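Take a look at the structure set out below.
The values are calculated or read from the model by the stated rules, or taken from the named source; none is laboratory data. Note that the structure is a prediction, hence the values are computed from the model and not measured. All Cβ positions, even for glycine, are placed from backbone atoms using ideal geometry, and neighbour counts span all protein chains on display.
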Amino acid sequence: MAPQPNPTPQAPMIIRVINHNKRLFKGRYDAVDYVFRTDVPVDLPLEAAVHIFGLGNEDKTQALNMLGVLVPGRDTVEDALKWLDNFSFQQGKTVFEDELAPRRVARSKPVATGSRKSGPSSQLAGPGGNEGEEAAPSSPAEPPAQDDAAEDDDEGVGEAEA
């Protein structure tokens, strides 16, 4: 029997939760603490939203008890459900683990302007280093100009005299 290929792992479905209550709320799932501030979106895995809020469950009493908003003898189911109704849930984009990894961004090197100034204004400076003055066009194909004395010193190096 031929070996079976490994199935492609499924990325966790992401749920965006927004707390529209006047007080912040804290929840925990899989050793991760989630803080739901008023009107601030929080993205979390679907499994966390099911655990914390009972998302998708017909009977939410277990989740409401666990959240502390449905304490027998103190709270009514209706009041606890009103509290829960002040949260909005939106399905987010499925994100793969490699998309969560930090990415290196290639940065372009600054263009030399011949000015000793650094920063954005130096890139706008002209040949005299003054802003507003037109910069002299430069061609990357041309080597930098050398003075004549330096060229004379290089002549004859490595050549036999006749």
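Just one of (1) at pLDDT below 95; (2) aliphatic (A, V, I, L, M); (3) surrounded by 11 or more Cβ atoms within 10 Å (Cβ to Cβ) fails for Ala31. It is (3). Picking from residues in the stretch 1-28 that are modelled with pLDDT of 90 or more and among the polar types (S, T, N, Q), the one that is surrounded by the fewest Cβ atoms within 10 Å (Cβ to Cβ) is Asn21.
Tell me which residues, restricted to the stretch 53-67, are of a type in the set (D, E, K, R) and touching a residue at least 12 places away in the same chain (Cβ under 8 Å). Scanning the stretch 53-67 gives a single hit, Lys60. Residue check: Ser88 meets all listed conditions (1) among the hydroxyl-bearing types (Ser, Thr, Tyr); (2) at pLDDT 90 or above; (3) assigned to a loop (DSSP other than H, G, I, E, B) but one, namely (3). Candidates are the residues of the stretch 34-47 that are free of Cβ contacts under 8 Å to residues at least 24 places away in the same chain and touching a Lys or Arg at 6+ places or on another chain (Cβ under 9 Å); the one that is surrounded by the fewest Cβ atoms within 10 Å (Cβ to Cβ) is Val35.
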